[in-house]
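Structure incoming, see below.
None of the figures in this text is laboratory data; all of them are computed from the coordinates on show. In this text, all values refer to a predicted model and were calculated from it rather than measured experimentally. All Cβ positions, even for glycine, are placed from backbone atoms using ideal geometry, and neighbour counts span all protein chains on display.
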Amino acid sequence: MTIDFPSGELTAIVGPSGSGKSTLMHLLAGLDKPTGGQAWIDGVEVTALDDKGLTELRRHKLGFIFQFFNLVPVLTAVENVELPLKIAGDPIDEEWRDRLLETVGLTDRADHRPAELSGGQQQRVAVARALISRPAVIFADEPTGNLDSTSSTGVLELLRSSVAELDQTVIVVTHDPKVASYADRVVVLADGRIAADEKISGEQQVIDLMRDV
Amino acid sequence: MLALALRGLGARKLRSALTAFAILLGVAMVAGTFMLKGSLDTAFDDIFATANEGIDVTVQPKLAFDSGFDTPASGVSVPASLIKRIEAVDGVSKAAGDIGDDTSIAILDENGDRIGPAGGGPPQIANNALPEPFNPFTWTDGGAPTSDDEVAIDSITADEEGYEVGQTISISGREGVKEYTLSGIGRFGSGVPLGGASLAVFTTPEVQRITDMKGKYDSIDVEAAEGVSPEELRNRINDALPSKYEAQTGEEAAAEQSSDIKDGFGFLTTALLVFAGISVFVGAFLIFNTFSITVAQRTSEFGMLRTLGASSRQVLASVIVEALLLGVLASLLGIALGFGFVQLVTAAFKAIGFELPQSGVVVPTVAIVAPLIVGVVATLLSAVIPAIRATRVTPLEALRDTATADERTTRRRAWIARLLVLVGVVAIGYGLFGTASFGGALPLLGLGLILLFVGVAMLAGSLVSPLASLVGRPIEALRGVTGRLARENTLRNPSRTAVTSAALMIGVALVVFAAIFAKSANKSVADALDQTYVGDMAITNTDGFSPFSPSVGRAVAKLPGVETVSPIGGAGALVDGKTVIITGLDSNLTSVANLDWTDGDDATFENLRPDQAIAEEQWAADHGIAVGDQVEVTAQSGRKVTVEVAGTVRDEVQLLVPTLALPIDTVRAKFDSNVDFLDLVGFEADADVDQTEAAVKALVEKRFPQAQAQSQQELKDSQSDAINQLLAVIYVLLALSVIISLFGVVNTLVLTIYERTREIGMLRAIGASRSQIRRMVRYESLITAMIGAIIGAVIGIAVAVAAVEALSDEGLVLGIPVVGIVLVLILAGLAGILAGFWPARRASKIEVMEALQYE
């Protein structure tokens, strides 16, 4: 299979369990080694990198959003947001950080620890954390899998606006048509193959696409 | 539930193995100690049974009291004329005088040095050649000495030194060095090693000459005539002789001699058991922590079991049974490892020249039962609180992710902890300041420390935060975000960090305590020597404490430049129903030593009559003795001597006047003590100090190699060497508990890393390198170790300062080894990093994928 993800787009990879959507994301993000083939991100051949190169890649070109938020419980919201830069030893662009906090709506909760935040708030911190290093691409793995519908909407709109306003590239892996409906483009996988790859508008279109497969 | 517990152990192999190891080491030490004791006891029984073989009855002077570790044996003897009186008793077939003297001779090598380890070593015993059937030797080469120029040596020493019959051997006796021809080599009994001791056999007149026993024997060996039982003969002899002599059967004598020496070695067993106890105690912390963590991690499992209908008792049983299995398994392995411990101790003793007498490792029942009980009970006790916590898990909690600590229990725990600390401090304080005797203070001190350690470990949760900041902030400043995360990680579960570091705290506290105590003792001894000994040199036994021949001092006194040699003798005696050491002082003492008079002056001492004494002020006060009082002193021979107290002095360090000091001639004449413990030497005012010093040293070295002459400074150095050697042994023994506590750090880290798998994967996902993860874990380990080390150092310093204060009226002056304590802290930090090494590697192998795994 060959697939491109142009920058500044929100792409959803959907498909039922076992369709290979997670595997595809793992290969794209350099989390898993393919038995054959190549993956490139922003001009770098991911599949050719060693552990050191992958670490560098993750520091500067990749962002992750997880289903279980995965914030560091002992750090405050703002510290969690800054963490990738600190790990990389990069200077912190305070203006950018504050803007992100504002965008995710957590300026007044910046000094709270994750346990003091709701699930939706935690995931919004995770979104800001993924954005802080201005990565080439953000991978979001079932980002709303652990949220109620109100919180889900908030997080999805946030991802949407990060693409629209910050020109961010985002790839979402999900089995939920509602989540996919926020994307510019939906890639449907089935049995490890691309079954559909279309620009979409509206949740119904996604449901139809998935049903067709 | 048994099956579940077994599965649990199997499933958590690594953790079970680490936990088992904590118990195993302590148990091995307990088992090894009992095996060592069993082996030594058997060997000593063997040795003394051999020595008394063929002796039906032995006749000795009846002693008023037994000499022991703190009361030196006096040279009480029997006269040669007693043999005739014994031979006259009906039923006696044969009687012979027996001498075995372990303080008089030194067997020399070709350089004129005592064979064996430098600076003392195992005893070298001078014996007279005994006629059959009393002779315990089997001559493997040559035979018994037949002239005063011949000597026979035991086969083990001969092998070690490569002796051959006919060669010349120099032996130094009380009157100086003499050359002997080796007449024979003999196997003693079955050839059991004698603990490094050497036996030299001389003719009777020769041994009497070199041990200053002319016309005297230590005991008389008796053979019974045909048809007379030893018991019968013993009774007949006792009836026939005056009551100052005592007859025993050979078996009774062997049992008594063996039990005496076994008692002497009792301190070794006790000391090893104390350190084994410390190791087990530290191990208990580790077990407690491991079970606490796993119970917390298994909350959902327990909740699930409850929803399936398991009662809380069944949950309790599953944890307890797991602990029981672990305890039994670890104890059994520990007992097996005990053999290794015996070999280790034996090898250590051999390395310093004291070959422990052994005829194979003996495993008494107690060496199996005691460690098994200790290991299992320690494991169960440590697991019981975590197990009870497991029963509190409700089915509902299984569904929630985090179990929250109950506010009330937390507060109750804090109160219990404070109570433990308080009782511990009171026990330590009472032990130090409230009890009169050292023996009474130690158990209280031990109990107090145990309570204090447990209490502090429980309270330390609240100390973790400030200490983690203290240690963690510099790391954070230097190493940035990994340091920050490491510090925060130690604060995640402060009580867990506290218990983990508490294990190390115990070891560090004891090390610091020992270091301060040793430094204080060194300082006090040095101060006391400076103040008391104002002469130029001091002569002691080469081992620093055993007695030596008065001939040494007499010979030194004749050297040009030497003005004064003041001998200090001593003997055990009975005063007021207690055994004490009395000293014998020469009237010339005041020219080479300062006496700190509280009643009287130097003239009092110089004019002391033979029936007068001076007393140590504190001792006199304790016994209600005042100047002018008549005091009855009983010698070991039973002779009663009454002396008048003419004056009192302060002698806190017990250098010259620990209790009573009598004129030395009185001690020599009436207390059967023909030895010196110390000779103080003063030079003439116009003597060349270096030259005279060299001359004294040369004389002592050449003619009396069992003694040594030292300058003031050398004497101080050798005293502190002795203390430092003891300190080194204590460090080695404490090292085991420190190693166990490091396993605790490893174990906790491994378990918490397991808990944080997903988080670590996430850190990798957002750009953390493997080495950053490794660093984070190592810093966490370092911080945990340092928390324990700092709290431990504080406790160690506090208790040591209190202990020194309590002993200040015994002359102890506080000395704090600042460099040493800093070094301990640095080493603890390094140990922490070392302990974090392997968990850090494990953590760094966690892949990003693991952060993405769905539940």
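Rank B:Ala498, B:Ile220, B:Phe548 by how far each Cα sits towards the positive end of the charge dipole of chain B (+1 on Lys, Arg Cβ; -1 on Asp, Glu Cβ) and give me just the farthest.
B:Ala498
Sticking with this structure for a sec: Cα centroids of the stretch B:204-226 and the stretch A:18-97: how far apart, whole angstrom?
The stretch B:204-226 and the stretch A:18-97 have Cα centres separated by 93 Å.
Roughly how many debye, to the nearest 20, is the charge dipole of the stretch B:669-772 about its Cα centre, given +1 on each Lys and Arg Cβ, -1 on each Asp and Glu Cβ, and no other charges? Show your work: numbers first, answer last.
Numbers: 9 positive and 14 negative charges, 267 e Å.
With Lys and Arg at +1 and Asp and Glu at -1, about 1280 debye.
Could you state the angle between the C-alpha long axis of helix B:689-703 and the longest principal axis of the C-alpha atoms of chain B, as a value from 0 to 90 degrees rounded to the nearest 10?
The angle comes out at about 80 degrees.
Ok, one more. Using only Cα atoms, find the angle between the long axis of helix A:119-131 and the longest principal axis of chain A, and express it within 0 to 90 degrees, rounded to the nearest 10.
On a 0 to 90 degree scale, this one is about 90.
Put +1 on the Cβ of every Lys and Arg and -1 on every Asp and Glu Cβ in chain B; which of B:Gly647, B:Phe34, B:Leu680 then has its Cα farthest towards the positive end of the dipole?
B:Phe34
So, one more: Hey, which lysines would be in cross-link range of B:Lys523, C-alpha to C-alpha under 16 Å, not counting anything within fewer than 8 residues on its own chain?
Partners within reach: B:Lys716.
Hey, fewest Cβ within 10 Å first, where do A:Arg211, A:Arg58 land in order? Walk me through the numbers before you get to the answer.
Values: A:Arg211 9, A:Arg58 26.
With the sparsest Cβ surroundings first, the list reads A:Arg211, A:Arg58.
Helix B:407-429 sits at what angle to the longest principal axis of chain B, using alpha carbons and giving 0 to 90 degrees rounded to 10?
Rounded to the nearest ten degrees, it is 10.
A further question on this structure: Averaged across B:473-486, how many Cβ atoms of other chains sit within 10 Å of each residue's Cβ atom?
2
Shifting gears a bit: Which value, in debye to the nearest 20, gives the size of the charge dipole of the protein assembly as shown about its Cα centre, when Lys and Arg are +1 and Asp and Glu are -1 at the Cβ? Display every interim value, and only then the final one.
Working: 83 positive and 127 negative charges, 1220 e Å.
Around 5860 debye, computed over the protein assembly as shown.
Name the residue farthest towards the positive end of the dipole of the protein assembly as shown from the options B:Gly54, A:Ala39, A:Thr55, assuming +1 on Cβ of Lys and Arg, -1 on Cβ of Asp and Glu, about the Cα centre.
So the residue furthest toward the plus end is A:Ala39.
May I ask you to order B:412-421, B:19-28 by the average number of other C-beta atoms within 10 Å around their residues, highest value first?
Values: B:412-421: 14.6, B:19-28: 27.4.
The densest-packed peptide leads the list: B:19-28, B:412-421.
Which order results if B:Asp665, B:Asp599, A:Asp4 are arranged by neighbouring Cβ count within 10 Å, fewest first? Please report the intermediate quantities before stating the final value.
Details: B:Asp665 13, B:Asp599 17, A:Asp4 8.
Ascending number of Cβ neighbours within 10 Å: A:Asp4, B:Asp665, B:Asp599.
Now for a separate question. Name the trypsin sites (Lys or Arg not before Pro) in the stretch B:795-855 that are in a loop by DSSP and that have at most 13 other C-beta atoms within 10 Å, would you? The partial results should precede the final answer.
Numbers: sites: B:Arg841, B:Arg842, B:Lys845; in loops: B:Lys845.
Those satisfying the criteria are B:Lys845.
Order these peptides, B:292-305, B:165-178, by their mean beta-carbon neighbour count within 10 angstrom, highest first. Before the final figure, lay out each step's value.
Values: B:292-305: 19.9, B:165-178: 17.4.
Those peptides, ordered most packed to least, come out B:292-305, B:165-178.
Normalised by the empirical 2.2 N^0.38 Å for globular proteins, what value does the Cα Rg of the stretch B:60-254 take? Intermediate values should be presented prior to the final figure.
Values: Rg = 17.4 Å, N = 195, 2.2 N^0.38 = 16.3 Å.
That works out to 1.07 for the stretch B:60-254.
Between A:Ala196 and residues 5 or more places away or on another chain, which pairs have amide H atoms under 5 Å apart, with H built 1.01 Å from N, and which residues are they?
Counting only residues 5 or more places away or on other chains, the set is A:Val188.
Going down the list B:Lys94/B:Lys244; B:Lys37/B:Lys214; B:Lys214/B:Lys702; B:Lys37/B:Lys640; B:Lys350/B:Lys558, which pairs span over 29 Å between their C-alpha atoms?
Details: B:Lys94/B:Lys244 22 Å; B:Lys37/B:Lys214 38 Å; B:Lys214/B:Lys702 25 Å; B:Lys37/B:Lys640 38 Å; B:Lys350/B:Lys558 40 Å.
Violating the 29 Å Cα-Cα cut-off are B:Lys37/B:Lys214; B:Lys37/B:Lys640; B:Lys350/B:Lys558.
Compute the separation of the alpha-carbon centres of the stretch B:663-737 and the stretch B:300-342 and state it in Å as a whole number.
If you average the Cα positions of each part, the centres end up 57 Å apart.
Classify chain A as rounded, prolate or oblate, taking a ≥ b ≥ c as the square roots of the eigenvalues of its Cα gyration tensor: rounded when a/c is under 1.5, otherwise prolate if a/b is larger than b/c and oblate if not.
On the way: a/c = 1.92, a/b = 1.27, b/c = 1.51.
Oblate.
Additional query: Could you order peptides B:190-196, A:40-46 by the average number of other Cβ atoms within 10 Å of their residues, highest first?
On the way: B:190-196: 17.7, A:40-46: 14.7.
So the peptides B:190-196, A:40-46, ranked by packing, come out B:190-196, A:40-46.
Next question. Taking θ = phi - 60°, what integer Hz values does the Karplus form 6.51 cos²θ - 1.76 cosθ + 1.60 yield along the stretch B:208-214, in sequence order, with x for Gly and Pro?
After applying 6.51 cos²θ - 1.76 cosθ + 1.60, I find 5, 5, 7, 10, 6, 10, 4 Hz.
Using alpha carbons only, how many angstrom separate the centre of the stretch B:506-570 from the centre of the stretch B:33-68?
Spelled out, the Cα-based centre of one part sits 32 Å from the other.
Tell me, B:Ser259, B:Ser311 in order of fewest to most beta-carbon neighbours within 10 Å? Display every interim value, and only then the final one.
Values: B:Ser259 14, B:Ser311 11.
Sorted ascending by nearby Cβ count, the order is B:Ser311, B:Ser259.
Which of the GluC sites (Glu not before Pro) found in the stretch B:219-271 are loop residues per DSSP with 15 or fewer other Cβ atoms within 10 Å of their Cβ? Kindly include the intermediate steps, with their values, before the conclusion.
Working: sites: B:Glu223, B:Glu226, B:Glu231, B:Glu232, B:Glu246, B:Glu251, B:Glu252, B:Glu256; in loops: B:Glu226.
Loop-located and lightly packed - B:Glu226.
Quick check for me: using +1 on Lys/Arg Cβ and -1 on Asp/Glu Cβ, what's the dipole size of the stretch B:549-705 about its Cα centre, in debye to the nearest 20?
Details: 12 positive and 27 negative charges, 180 e Å.
Using Cβ point charges on Lys, Arg, Asp and Glu, the stretch B:549-705 gives about 860 debye.
I would also like to ask the following. How high is the relative contact order of chain B, given as a whole-number percent (alpha carbon pairs under 8 Å, six or more residues apart)? Write down the numbers at each step before the final one.
On the way: 1675 pairs, mean separation 147.8, N = 855.
Value for chain B: 17 percent.
Need one value for A:62-74: mean number of C-beta atoms belonging to other chains within 10 Å of its residues' C-beta atoms.
Details: counts 4, 3, 9, 1, 7, 5, 8, 1, 9, 2, 9, 6, 9.
Per-residue shielding by partner chains comes out at 6.
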